[in-house]
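> Below you'll find the structure I mean.
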Amino acid sequence: MPDSKQAAVLGSPIAHSLSPVLHRAAYRELGLDDWEYGRFDIDEAALPAFLEKLDASWAGLSLTMPLKRAVIPLLDKISATAASVEAVNTVVLGEDGRRTGDNTDIPGMVAALRERGVTRVERAAVLGAGATASSALAALAQICTGEVTAYVRSAPRAAEMRGWGERLGVAVTTAPWADAAEAFGAPLVIATTPAGTTDALATAVPEAPGTLFDVLYEPWPTALAAAWSARGGAVVGGLDLLVHQAVLQVELMTGRAPAPLAAMRAAGERALGAR
């Protein structure tokens, strides 16, 4: 086996990804001077050929959109966590060439919330219904004891979220996006929508809100996160999620634990501040 190892993040587009910053910071702290971490703009069509050309020097891959589901048929096995939401964001490459898929987004969400003292809530709200929303439901399955209301834009999306709820063992009700401000009465609100989507809701943040988990990290703070903080509410941001899921990826790929959370977060904050 080669002494040097490499890993990378794949997706399209990928130039904005902070993953190289976080993983390289971890390698420095762990003394893995012969490890490298890159990034490759790869779409679904190019993914099979890319995987086939990887040699024994490769330890793992981080995957972002649009590859989290496309990679599944190309793997030898996937974890129960990844299977629960049909999404893989981490591939660990064994010395025997086997490809194992995992999902660190879900435990990363739970860890980011735990870091801010949120370990159990009686109910919650989710804004949006995409792939990140299904991961949010999987995280809520571990910490929410009651109902989750998902605010969505269409009937098909509503049906999809209710289906994920049934599959994950979460009591999910749905409501139209026009009523999204009603979400803010929940003790935990998870915003999973693209940049700008929730800006118009910033004026609806109530006095003494609970906890907001906004999965975006750029631009930051979002208008909603800024308004939430101004009202005294706790805010968990996208960088928190990114760092916690990357910590788990580093541990899976390198076999070294614990990964250096503080150093990885500091590197991410510096990189964002320089943009």
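> With a point put 7 Å past each Cα toward its Cβ, work out how far HIS16 is from ALA223 in nm, to one decimal.
Rounded to a tenth, the inter-label distance reads 1.7 nm.
> Let me ask you something else. Starting from the 7 Å offset along Cα-to-Cβ, what nm value, one decimal, do you get for the label separation of ARG231 and SER4?
Reported label-point gap for ARG231 and SER4 is 5.2 nm.
> Considering the zone a paramagnetic label at GLU44 would reach in this model (a point 7 Å from Cα along the Cα-to-Cβ line), which residues of region 121-162 have amide N under 17 Å from it?
Only 130-132 fall inside the zone, counting backbone N under 17 Å.
> Could you give the length gained on full extension between ILE143 and GLU207, defined as 0.36 nm per residue of separation minus the Cα-Cα distance, in nm? Write out the running numbers ahead of the final one.
Numbers: separation 64, 0.36 × 64 = 23.04 nm, distance 2.44 nm.
Taking ILE143 through GLU207 to full extension adds about 20.6 nm, to one decimal.
> Leaving ligands, DNA and RNA out of it, rank LEU201, LEU47, LEU261 by accessible area with a 1.4 Å probe, largest first.
Numbers: LEU201 25, LEU47 0, LEU261 50 Å².
Largest accessible area first, the residues go LEU261, LEU201, LEU47.
> So what's region 176-253 giving for Rg/Rh, alpha carbon basis, Kirkwood Rh from the mean inverse pair distance?
Values: Rg = 13.4 Å, Rh = 13.0 Å.
Looking at region 176-253, the ratio lands at 1.03.
> Taking every pair of alpha-carbon atoms in region 139-275, what share in percent sits in each 5 Å bin, from 0 to the bin with the longest distance?
2, 9, 16, 18, 19, 16, 11, 7, 2, 0
> Report, to the nearest 10°, how far helix 238-254 tilts away from the longest principal axis of the Cα atoms in the chain, using its own Cα long axis and a range of 0 to 90°.
Tilt of helix 238-254: around 30 degrees.
> Additional query: So what is the relative contact order of region 219-275, in percent, for Cα pairs below 8 Å that sit 6 or more residues apart?
Working: 23 pairs, mean separation 14.2, N = 57.
The value is 25 percent.
> For an R0 of 25 angstrom, estimate the FRET efficiency from the Cβ-Cβ distance between ALA266 and THR119 and round to the nearest 0.05.
Details: r = 25 Å, r/R0 = 1.00.
About 0.50, to the nearest 0.05.
> Using the heavy atoms of the protein chains and a 1.4 angstrom probe, tell me the accessible area per residue for the chain in square angstrom. Display every interim value, and only then the final one.
On the way: 11900 Å² over 275 residues.
Heavy-atom accessible area per residue stands at 43 Å².
> How large is the charge dipole for the chain, taken about the Cα centre, if only the Cβ atoms of Lys, Arg (+1) and Asp, Glu (-1) carry charge, to the nearest 20 debye?
Values: 23 positive and 30 negative charges, 63 e Å.
That gives the chain a dipole magnitude of about 300 debye.
> Calculate for the chain the 222 nm mean residue ellipticity that helices alone would give, adding -39,500 (n - 2.57) per DSSP H run of length 4 or more and normalising by residue count, nearest 500 deg cm²/dmol.
Values: 9 runs with 100 residues, N = 275.
Here the helix-only value at 222 nm equals -11000 deg cm²/dmol.
> Counting only protein heavy atoms, what percent of the accessible surface of the chain is carbon or sulfur at a 1.4 Å probe?
C and S atoms contribute 51 percent here.
> If you average the sequence gap of Cα pairs under 8 Å that are 6 or more apart and divide by the length of the chain, what percent do you get for the contact order? Could the numbers behind the result be given before it?
On the way: 537 pairs, mean separation 47.2, N = 275.
Computed value for the chain: 17 percent relative contact order.
> Put +1 on the Cβ of every Lys and Arg and -1 on every Asp and Glu Cβ in the chain; which of ALA262, GLY97, MET65 then has its Cα farthest towards the positive end of the dipole?
ALA262
The values are calculated or read from the model by the stated rules, or taken from the named source; none is laboratory data. Note that the structure is predicted; figures quoted are calculated from it, not measured. No Cβ is skipped: glycine too gets one built from the backbone with ideal geometry, and neighbour counts run over all protein chains shown. Each accessible area value is taken on the protein alone, full model and side chains, heavy atoms only, with ligands, DNA and RNA left out. Shrake-Rupley method; radii C 1.70, N 1.55, O 1.52, S 1.80 Å.
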